[in-house]
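Step one of this worksheet: look at the structure below.
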Amino acid sequence: MDKRGPQLGRYQIDTNHSTITFRSRHLFGLLPVRGTFAIRAGTVDVAEPLTDSGIRVEIDAASFHTGSRQRDEDVLSARFLDVGRHPVMTFVADHVDRTAITGALTAHGVTRPVSLSIEQADVSPGTIIARATTRVDRTEFGLTAARGLAGRYLEVSLEVTCVRM
């Protein structure tokens with residue numbers, strides 16, 4: 001690990017080596033649900049000072065997967081994510097430091113502030129691997145169907161590999 005921090009410049013998120021996982025509760029909070037989303041594309045612009053850095057990530061909304069075909073189809077429908085009208089979710093960071101990334105998440109056509117806690121960051125020449133977590137309230141994005149039945153909060157974990165361009 002490079003103690004000096006990442007090299008300045010633009011990094012591309014390696015979508016084949018990056019994951020977004022989430023946990024929630026189902027059936028009035030009785031049953032755990034785990035799932036994934038795929039990152040479609042993303043860039044990280046590392047600047048000096050670090051707080052001037054920028055991040056933009058595109059998440060494929062249709063990649064929502066929990067292993068339950070019926071649940072996945074329901075969440076992808078107009079009742080929840082409405083991937084026909086909103087195929088991409090985006091996250092754009094407006095503040096980056098060594099412990100947190102804050103920015104705006106757009107899902108289902110609604111943009112809300114989100115803060116990610118950086119759990120781990122490994123830096124080597126030309127590569128950044130980071131793990132971060134956040135909690136998302138789906139109702140803040142207008143996803144209000146199945147109140148009580150479907151979990152309101154998603155505990156989201158990201159593991160992202162970035163390669164310098």
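The values are calculated or read from the model by the stated rules, or taken from the named source; none is laboratory data. Everything numeric here is computed off the predicted structure, so don't read it as measured data. All Cβ positions, even for glycine, are placed from backbone atoms using ideal geometry, and neighbour counts span all protein chains on display. Heads up: the accessible areas ignore ligands, DNA and RNA and are worked out on the full protein's heavy atoms, side chains in. Shrake-Rupley method; radii C 1.70, N 1.55, O 1.52, S 1.80 Å.
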| request: Can you find, among His108, Pro6, Thr43, the residue farthest towards the positive end of the dipole of the stretch 1-113? Put +1 on the C-beta of Lys and Arg, -1 on that of Asp and Glu. | output: His108
| field | Accessible carbon and sulfur surface of the chain relative to its total accessible area, %, 1.4 Å | value | 53 percent
| query | What accessible area per residue comes out for the chain, rounded to a whole number of Å², with a 1.4 Å probe? | reply | 56 Å²
| message | Under 8 Å for C-alpha pairs, at least 6 residues apart: give me the relative contact order for the stretch 25-165, rounded to a whole percent. | response | 20 percent
| message | So if each residue of separation counts as 0.36 nm, and I subtract the Cα-Cα distance between Thr133 and Ala100, what length gain in nm does that give? | response | 10.9 nm
| said: Starting from 0.36 nm per residue, how many nanometres of slack lie between Thr36 and Val163 once their C-alpha separation is accounted for? | reply: 43.5 nm
| request: Note down the net charge around Gly42, summing +1 for each Lys or Arg and -1 for each Asp or Glu among other residues with Cβ under 9 Å from its Cβ. | output: +1
| note | If each K or R counts +1 and each D or E counts -1, the residues other than Ala130 whose Cβ falls under 11 Å of its Cβ total -1
| query | Based on Cβ point charges of +1 for Lys and Arg and -1 for Asp and Glu, what charge dipole magnitude is obtained for the chain about its Cα centre, in debye rounded to the nearest 20? | reply | 460 debye
| Projected label distance in nm at Asp45 and Arg69, using a 7 Å step from Cα toward the beta-carbon | 4.5 nm
